[in-house]
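This report refers to the structure that appears directly beneath it.
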Amino acid sequence: MVTLLIADDHPLYRDALKGALCMGFSDMEILESGSLNETVSVLHEHEIDLLLLDLHMPGSSDLFGLLHIQKTFPDLPIAVVSGTEDVSLISKVVGVGAMGFIPKTASAQNISDAVNAMLGGDIWVPESVRQQIEQVDEHFSELAENVASLTPAQYNVLCYMRDGLLNKQIGYNLEIAEATVKAHVTAIFRKLSINNRTQAVLIASKLQLEPPTK
């Protein structure tokens, strides 16, 4: 039996995706999660053949969720499911190692075809953009690898730094001590091989995707 995990914070879309998959597969177990933390917990508890991952779940904004899960479960096939059909976005997710990209507008047949292809070890993207996919450069790949080494808490701090918040404001928003924020900032600088907030903001901005379309 094939086991899939649908990671999306909208129950209605999870139901729609399950319905499409049940039409195309007779022997499949489908698990669900609604946040990055919940997704990681399910992955620790079950053997998953393919993860269908929404990029805009709680704890998983931008590319971080994909990068973090890849770092934690390097052998796990992951397909990104998104409402944003942008060639640059698709190029990025495939470029950092996703098995494919399924638009939320995809038909039930396309979803079945995509899942079949990825379970067979092939990369799948919509036919309309296959000739437009661009290779990510070596610098972006290295950047993604470094960001994947951050903890979720450190990534939250990085995002607040990108938004221009000071350590005291970040601590207030995350309900942690300012000293803890400073420790996170120090770890971020070390892991990203940088030495100031301006460089951190530039890196975070390069990973920033379009706002969620839901």
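The values are calculated or read from the model by the stated rules, or taken from the named source; none is laboratory data. Here the structure is a predicted model, which means the values were calculated and not measured. For neighbour counting, all protein chains shown are included, and Cβ atoms are generated from backbone atoms with ideal geometry for every residue, glycine included. For accessibility, only protein heavy atoms count, side chains too; no ligands or nucleic acids. Shrake-Rupley method; radii C 1.70, N 1.55, O 1.52, S 1.80 Å.
Just to be sure I understand the filter: pairs with C-beta atoms under 6 Å, separated by 6 or more residues or on different chains, first member in segment 7-25 and over 15 Å from residue 48 (Cβ atoms), second member open to solvent by less than 30 Å² (accessible area, probe 1.4 Å) and modelled with pLDDT under 90. Which pairs pass?
9/57
Looking at (1) basic (Lys, Arg); (2) under 26 Å from residue 3 (Cα atoms); (3) open to solvent by less than 60 Å² (accessible area, probe 1.4 Å), which one does residue 162 not meet, given that it meets all the others?
The number of the failed condition is (2).
Filter segment 90-103 for residues that are β-branched (Val, Ile, Thr) and either outside any loop (DSSP other than H, G, I, E, B) or without any contact (Cβ under 8 Å) to a residue 24 or more places away in the chain (or both) and give the result.
First pass over segment 90-103, keeping only residues β-branched (Val, Ile, Thr): 90, 93-94, 96, 102.
90, 93, 94, 102, listed by residue number.
Test of understanding: among 106, 117, which residue is open to solvent by 10 Å² or more (accessible area, probe 1.4 Å) and either part of a helix (DSSP H, G or I) or in contact with a Phe, Trp or Tyr (Cβ under 7 Å, 6 or more places away or on another chain) (or both)?
Values: 106 fails: either part of a helix (DSSP H, G or I) or in contact with a Phe, Trp or Tyr (Cβ under 7 Å, 6 or more places away or on another chain) (or both).
Within the list 106, 117, the selection yields 117.
Restricting attention to segment 90-99, does a residue exist that is under 20 Å from residue 28 (Cβ atoms) and either surrounded by 16 or more Cβ atoms within 10 Å (Cβ to Cβ) or touching a strand residue (DSSP E or B) at 6+ places or on another chain (Cβ under 7 Å) (or both)? I'd like the intermediate steps shown before the answer.
Going residue by residue through segment 90-99, those that are under 20 Å from residue 28 (Cβ atoms) are 99.
Checking the rest, the ones that are also either surrounded by 16 or more Cβ atoms within 10 Å (Cβ to Cβ) or touching a strand residue (DSSP E or B) at 6+ places or on another chain (Cβ under 7 Å) (or both) come to 99.
Looking through segment 90-99, at least one residue is under 20 Å from residue 28 (Cβ atoms) and either surrounded by 16 or more Cβ atoms within 10 Å (Cβ to Cβ) or touching a strand residue (DSSP E or B) at 6+ places or on another chain (Cβ under 7 Å) (or both).
Tell me, yes or no, whether segment 134-153 has at least one residue that is within 16 Å of residue 90 (Cα to Cα), open to solvent by 60 Å² or more (accessible area, probe 1.4 Å) and either hydroxyl-bearing (Ser, Thr, Tyr) or modelled with pLDDT of 90 or more (or both).
Taking segment 134-153 first, the residues within 16 Å of residue 90 (Cα to Cα) are 134-137, 140-141, 144.
Still in the list and also open to solvent by 60 Å² or more (accessible area, probe 1.4 Å): 134-135, 137.
Now narrow it down to the ones that are either hydroxyl-bearing (Ser, Thr, Tyr) or modelled with pLDDT of 90 or more (or both): none.
Looking through segment 134-153, none of the residues is within 16 Å of residue 90 (Cα to Cα), open to solvent by 60 Å² or more (accessible area, probe 1.4 Å) and either hydroxyl-bearing (Ser, Thr, Tyr) or modelled with pLDDT of 90 or more (or both).
Do you know which of the residues in segment 74-88 that are touching a residue at least 24 places away in the same chain (Cβ under 8 Å) and assigned to a loop (DSSP other than H, G, I, E, B) is surrounded by the most Cβ atoms within 10 Å (Cβ to Cβ)?
If we filter segment 74-88 for residues that are touching a residue at least 24 places away in the same chain (Cβ under 8 Å), which is where we start, we get 76-88.
Filter again for assigned to a loop (DSSP other than H, G, I, E, B), leaving 76-77, 83-86.
Numbers: 76: 17, 77: 17, 83: 16, 84: 19, 85: 16, 86: 15.
If we take residues in segment 74-88 being touching a residue at least 24 places away in the same chain (Cβ under 8 Å) and assigned to a loop (DSSP other than H, G, I, E, B), then 84 is surrounded by the most Cβ atoms within 10 Å (Cβ to Cβ).
Across segment 165-196, which residue is farthest from residue 146 (Cα to Cα) among those that are open to solvent by less than 80 Å² (accessible area, probe 1.4 Å) and in contact (Cβ under 8 Å) with a residue 24 or more places away in the chain?
Per the stated criteria, the residue is 181.
Is it fair to say residue 203 is open to solvent by less than 90 Å² (accessible area, probe 1.4 Å) and more than 22 Å from residue 59 (Cα to Cα)? Lay out the reasoning, then the answer.
Values: open to solvent by less than 90 Å² (accessible area, probe 1.4 Å): yes; more than 22 Å from residue 59 (Cα to Cα): no.
Criteria not met by residue 203.
For segment 29-58, which residues satisfy the criterion of being more than 16 Å from residue 80 (Cβ to Cβ) and modelled with pLDDT under 90?
Within segment 29-58, just 58 meets the criteria.
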